[in-house]
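What follows is a single structure, written as structure tokens, with notes after it.
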């Protein structure tokens, strides 16, 4: 398919997803992001009683964490790349910092689907069932004297 054959017309379902996501992320993520940005330190942002966790819990309660995860793992199985892009765009527009944090939190579980190990795959199912933010993911990309942390 060439670029001239690409259709950017949204279906009614895609428009509905975009509009619902836009309202949620604008109403919930944006104000929370402003409050989080005003905190004095990163430690305050991740404290147990931080608004960050309330926002991420609300996001999970709506199922945004499992939208593109296949149904066999407990996800919603949305296979529409444009719908996924629309959702990501709305997250980033409302609060880019939270969008990155959300991605860091969720991507390890997306990768876990690729594992041949049933126990690792079961972590994905647990993640899909978790609406209370008991399971969080992370990226281990900096370590003292290794990787991108070359300044020490």
Original post:
Which one of these is within 30 Å of residue 8 (Cβ to Cβ) and at pLDDT below 90: 59, 110, 20?
Top reply: 110
**OP:** Could you grab me the full set of residues in region 81-117 that are part of a loop (DSSP other than H, G, I, E, B) and either surrounded by 15 or more Cβ atoms within 10 Å (Cβ to Cβ) or under 13 Å from the mean Cα position of the chain (by Cα) (or both)?
**Re:** 95, 113
**OP:** Would you check which residues across region 70-79 are surrounded by 16 or more Cβ atoms within 10 Å (Cβ to Cβ) and either outside any loop (DSSP other than H, G, I, E, B) or modelled with pLDDT under 90 (or both) and list them?
**Re:** 73, 78
**OP:** Could you list, in sequence order, all residues of region 35-61 that are farther than 14 Å from residue 136 by Cβ, under 13 Å from the mean Cα position of the chain (by Cα) and surrounded by 15 or more Cβ atoms within 10 Å (Cβ to Cβ)?
**Re:** 58
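The values are calculated or read from the model by the stated rules, or taken from the named source; none is laboratory data. Keep in mind that this is a model prediction, so the values were computed, not measured. Cβ coordinates were reconstructed from backbone atoms using ideal geometry, including for glycine residues, and neighbour counts include every protein chain displayed.
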